[in-house]
Structure formats: structure tokens, C-alpha cells
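Just below is one structure, and these are the notes that go with it.
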Amino acid sequence: MKDIIITLDGYSSCGKSTLAKQLANELNYVFIDSGAMYRAITLYFLRQHVNWKHEKEIHKALGEIGLDFQYNEVTGHSDMYLNDENVEALIRDMLVSEHVSEVAALKEVREFGVAQQQAMGKKKKIVMDGRDIGTTVFPNAELKIFVTADPSVRVERRFKELFAKNPAITIEEVKTNLEMRDYIDSNREFSPLRKAADAIELDNSNLTREEQLAIVLEWATEKIK
Ligand code: DC
């Protein structure tokens, strides 16, 4: 048995995190939601009114940020902590979603995120999801998966998730936000969203959670044995 790194990249709301969590559980690996880190940084910037047009302000703010994942006994997954505060729910807010792609495109922020993500992979046995995990963070990962889904399916999924927390949200708002994030994530200068040349594509538009898990488990088992 080999210890490996598994990366899952793809557009927003493709169900990457759900799949990555399930896969990590099955393999007894650690799941890391790299997007949560960029969301927590964005939350900090918004709260502290950091003007991210100024490099000095970004630099100072990043020096004040401590990110940490801590296991939640109730959910069975890790929650994102920002300077010892559990921000797992707050970082899923629309306000954070509206700014996160802009913040995640900043060079300093990327360097900050990538360095911490790479450190988490030192001992392998991780499943990390994001946008640049198979390309920039772990270019030598043993298994790279690029998740895709039909845009209408993605909007529907995300809407359901957000509507449960905020019934005032409209499908139009969700669609606009997803399109904007896809555009910024794919067109930014540093570490844009790309399918790594050696990544396997998984289109889960018409797959149930169980079906997609069965497929990736087979891929993972192949690499691990
Ligand atoms: O996966 P998510 O939707 O929670 O990610 C939030 C944002 O963070 C996403 O719009 C782009 C950014 N992100 C990134 O730039 N690189 C990553 N590895 C993960 C997320």
C-alpha cells in the first residue's frame, strides 16, 4: 500500500468538496478544502476593511492571519478556523462569495495559501480540493481529478444549498456569482483554474453521490495498491 496525494480541481459548485470528503472518509485520508482558506482570508479582509489594491496592506493583513482546520465531532469533518474562531458557516455567506475570487487572485494571497497547502501534504494521505491543486500546489500528485458538471446543474445545486440558509436568495444571484467566479478563477494571472495534463475528468452532471464515489474510489485504489 502506497500513501498518495489526491487532488480534485474544477469550477465552483461542481460538488468537489462533497466528493473529496467522501473519498477521504473511505480511504481514511485527511480532507482539505483549500477554497475555505481563501474564503477565510476574504472574510478577514472584509472585516478589517483591508484595501487589497495596496500591496502593503495585503502584506500586513496576511501577517495577522492564522488559518487552521479543526475536527468537528458532530459533522465528522474539519471546520475552518480563522485566528481561533470557527468561521465555517460565515465563510459560505454570499458576501464572501462575491469577493473571494478577487482576493484569491492576488499574488501575495496565492503564495500564502499555496505554501500552507503544500506543508499539509508533506505526509501525503490527503485529498485536497480547489482550483490549482493538481497544477500548482501538487504538480506531482499521484491521482488528479478534474470535476465538471453542466452549468445549470451547478446553479441548481448551489441555489438549494444557499436557499436553505437564506430564503431571500434568487437563482439569478447565484447564477451571476458562479459565472463571475468561473471567469475570474480561469483568467487570473497566477495559478488560473486549468485541467492538469495528467488529470482524469469526471463529469458528475448525471451521477448520484454514490455513483461518483464508486468511480473515484476505483481510481484511487488502483494508485494506492
Ligand atoms: O471551492 P470554493 O468555491 O469554496 O472556493 C472559493 C474561491 O476560492 C473560488 O472562487 C476560487 C478560490 N480558490 C482558488 O483560487 N484556489 C483554490 N485552490 C481554491 C479556491
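Kindly indicate whether PRO167 is free of Cβ contacts under 8 Å to residues at least 40 places away in the same chain, over 27 Å from ALA197 (Cβ atoms) and not hydrophobic (A, V, I, L, M, F, W, C).
yes
What number goes with the only condition from (1) within 11 Å of the ligand (Cβ to nearest atom); (2) at pLDDT 95 or above; (3) hydroxyl-bearing (Ser, Thr, Tyr) that TYR81 does not pass?
Condition not satisfied by TYR81: (1).
Conditions: (1) open to solvent by less than 40 Å² (accessible area, probe 1.4 Å); (2) of a type outside the set (Ser, Thr, Tyr); (3) away from the ligand (no atom under 16 Å from the Cβ). ARG154 meets all but one. Number of the miss?
(3)
Which pairs have Cβ atoms under 6 Å, sit 6 or more apart or on different chains, and link a residue in the range 141-154 that is closer than 24 Å to LYS175 by Cα to one that is assigned to a loop (DSSP other than H, G, I, E, B) and open to solvent by 10 Å² or more (accessible area, probe 1.4 Å)?
Between residues of the range 141-154 that are closer than 24 Å to LYS175 by Cα and residues that are assigned to a loop (DSSP other than H, G, I, E, B) and open to solvent by 10 Å² or more (accessible area, probe 1.4 Å), the close pairs are PHE146/LYS195; PHE146/ALA199; ALA149/SER205; ASP150/SER205; VAL153/SER205; ARG154/SER13.
Counting residues that are closer than 27 Å to ILE171 by Cβ and touching a Phe, Trp or Tyr at 6+ places or on another chain (Cβ under 7 Å), which helices (runs of 4 or more DSSP H) fully inside the range 22-126 reach at least 3?
94-104
Name, by its number, the condition in (1) assigned to a strand (DSSP E or B); (2) open to solvent by 30 Å² or more (accessible area, probe 1.4 Å); (3) within 11 Å of the ligand (Cβ to nearest atom) that does not hold for SER17.
Condition (1) is where SER17 drops out.
Out of all the residues in the range 140-148, is one or more near the ligand (Cβ under 8 Å from one of its atoms), open to solvent by less than 60 Å² (accessible area, probe 1.4 Å) and basic (Lys, Arg)? Step through it out loud before you land on a result.
Initially, the range 140-148 is screened for residues near the ligand (Cβ under 8 Å from one of its atoms), giving none.
Within the range 140-148, none of the residues are near the ligand (Cβ under 8 Å from one of its atoms), open to solvent by less than 60 Å² (accessible area, probe 1.4 Å) and basic (Lys, Arg).
GLU142: farther than 21 Å from ILE91 by Cβ and out of contact with any helix residue (DSSP H, G or I) (no Cβ under 8 Å at 6 or more places or on another chain), yes or no?
Spelling it out, it is not the case that GLU142 is farther than 21 Å from ILE91 by Cβ and out of contact with any helix residue (DSSP H, G or I) (no Cβ under 8 Å at 6 or more places or on another chain).
The values are calculated or read from the model by the stated rules, or taken from the named source; none is laboratory data. Not measured: the values here are computed from a predicted model. Note that we place each Cβ from the backbone using ideal geometry, even for glycine, and neighbour counts take in every protein chain shown. Ligands, DNA and RNA are excluded from the accessible area calculation, which covers all protein heavy atoms including side chains. Shrake-Rupley method; radii C 1.70, N 1.55, O 1.52, S 1.80 Å.
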